[in-house]
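Novice: My questions will all concern the structure given below.
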Amino acid sequence: MEYEIFSRGKGIRVIDSGAQVAAGTVYSNWIDTMGFDSFVANLRLVGTAGEISAIGAEVSESSAGSHSDAVADDGSNVLYYPIALPVLPAVAPGTLFRVGLTTKPRYFRFVFTVAATACGVSLTISGDGELNHAKLSPAQLASSVLQASQINNPGDIISGGTTYVSTEPLRTDAE
């Protein structure tokens with residue numbers, strides 16, 4: 001029997017596109033990892049001068065608003081980027097690279113160290129990511145019980161009867 005798996009990941013905006021014109025530190029958005037075991041980001045670096053000389057992370061366990069306990073990652077989290085540093089956008093325009101984080105805390109954000117080259121700094125970092133490996137897998141429904149219209153617009157009735165997944169009713173015609 002075939003199964004439909006509706007979602008095992010969640011898309012996240014990692015860093016909003018914005019031009020960097022000075023050397024220093026660039027932070028991504030805070031990412032809430034609740035319910036997921038891993039994260040990977042696909043980032044793009046565009047520019048004519050400057051470089052990313054280091055990639056790190058800040059971690060936090062406090063609420064999404066304050067992050068008052070945020071500290072630089074001490075190495076207990078696994079930060080993975082299979083690209084050699086420094087990343088030079090002028091040498092390879094539109095450079096795409098992936099950054100992953102596992103064994104992570106509740107909240108984290110990436111920290112990019114931007115350094116100037118002989119021509120200064122003129123670059124843009126942007127990208128999205130995906131939280132993966134949901135701790136609670138979504139319900140797997142036999143594809144034979146779904147009609148195409150119910151995937152996009154689930155109503156109250158499936159074929160005029162009662163359909164069950166495990167012991168919980170999915171939808172009934174009596175409701």
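Novice: So for Val114, Val21, Val59, fewest C-beta neighbours within 10 Å to most, what's the order?
Specialist: Placing the least packed residue first, the sequence is Val21, Val59, Val114.
Novice: Which order do Tyr27, Tyr107 fall in if you start with the one that has the fewest other Cβ atoms within 10 Å? The partial results should precede the final answer.
Specialist: Values: Tyr27 11, Tyr107 20.
Starting with the residue having the fewest Cβ neighbours, the order is Tyr27, Tyr107.
Here, each number is a calculation from the coordinates, and none is a lab measurement. This is a predicted model, so every value here is computed, not measured. Positions of Cβ are generated from backbone atoms using ideal geometry, with glycine treated the same way; all protein chains shown enter the neighbour counts.
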